[in-house]
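Where a number appears in this text, it was derived from the coordinates with a stated rule and is not lab data. The structure displayed is predicted, hence computed values, not measured ones. Glycine also receives a Cβ, built like all others from the backbone with ideal geometry; neighbour counts cover every protein chain displayed.
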Amino acid sequence: VQVGEDVLDRLQADREAELAITTSLRRAFPEIGFLGEEFGQQGSTDRRWIIDPIDGTKNFVRHIPMWAVLLALEEQGEITAGVVLNPVSGDLFWARRGDGAWANGRRLHVSDVATLPEAFLLHSSLSLLRPTPYWPGFVRLVDGTARTRGFGDYYGYGLVAEGQGEIYVEVDLKPWDVAPMKILIEEAGGRLTDLSGRPNIYDGSVLATNGRLHDEALRVLRPT
């Protein structure tokens, strides 16, 4: 019964949060459309806000304070701005094309680690990654890097952008999970693609790195 109640609470929280966000943004920017986790596409697709009202909903339900509100602006298919807010900790990440990436007033920079044996490898749920063709390559990355840490959702991207980790691998994603992360990583000097190396947010997979290790990580992950 408790599990069912938790799911209902999560769904209600997601929907109420997205409704509050879209209502405020529509009032300020009536010409811009929306793509959200709960209510889908609304209005313009040329310029639209991409919204994840609660990224890390399982953490939210279990009162683990690692979840965030994600918001990005997409213009003609390119992410031009992004915001990530953890309401529990108050941590605020944001980035805008050409203006850098920032967290709590500090400008972010990826690390200068240039070899896999020095790198920290971050990941989300292994149970989602294991059935994919990339699992053998991921195991090779585990063997070839200095440390692995299971910091999923928004937090793993933040660690890469802040230079505290070098490689983040995640699958089973929707565009609203990735949109603000792409510009955050890129404006911090890193690189974000899908696991085949394409710079888009619609494939369902992500490799985010400090840039220096991106091509090598792609090569190691590539299914044989």
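The long axis of helix 135-144 is offset from the longest Cα principal axis of the chain by roughly 60 degrees.
Charge tally around residue 67: other residues with Cβ under 9 Å, Lys/Arg +1 each, Asp/Glu -1 each, net -1.
Each part reduced to its alpha carbon centroid, the range 57-122 and the range 128-194 end up 12 Å apart. Near residue 113: Cβ cut-off under 12 Å, other residues only, Lys/Arg at +1 and Asp/Glu at -1. The net charge is -2. Relative contact order for the range 55-192: 30 percent, from Cα pairs under 8 Å spaced at least 6 residues apart, divided by residue count. For the chain, the normalised intensity computed at q = 0.11, 0.14, 0.16 Å⁻¹ comes to -0.53, -0.85, -1.09 (log10 of I(q)/I(0), Debye sum over alpha carbons, equal scatterers, no solvent). Taking the chain as a Gaussian network of alpha-carbon nodes connected by springs under 10 Å, the highest mean-square fluctuation of the residues 84, 69, 142 belongs to 142. Legend: translational diffusion of the range 1-101 by Stokes-Einstein, Rh = Kirkwood radius over C-alpha pairs, 20 °C, 1.002 mPa s; D = 149 µm²/s.
With the largest listed first and rounded to whole Å, the semi-axes of the equivalent ellipsoid of the range 155-210 from the Cα gyration tensor are 16, 10, 10.
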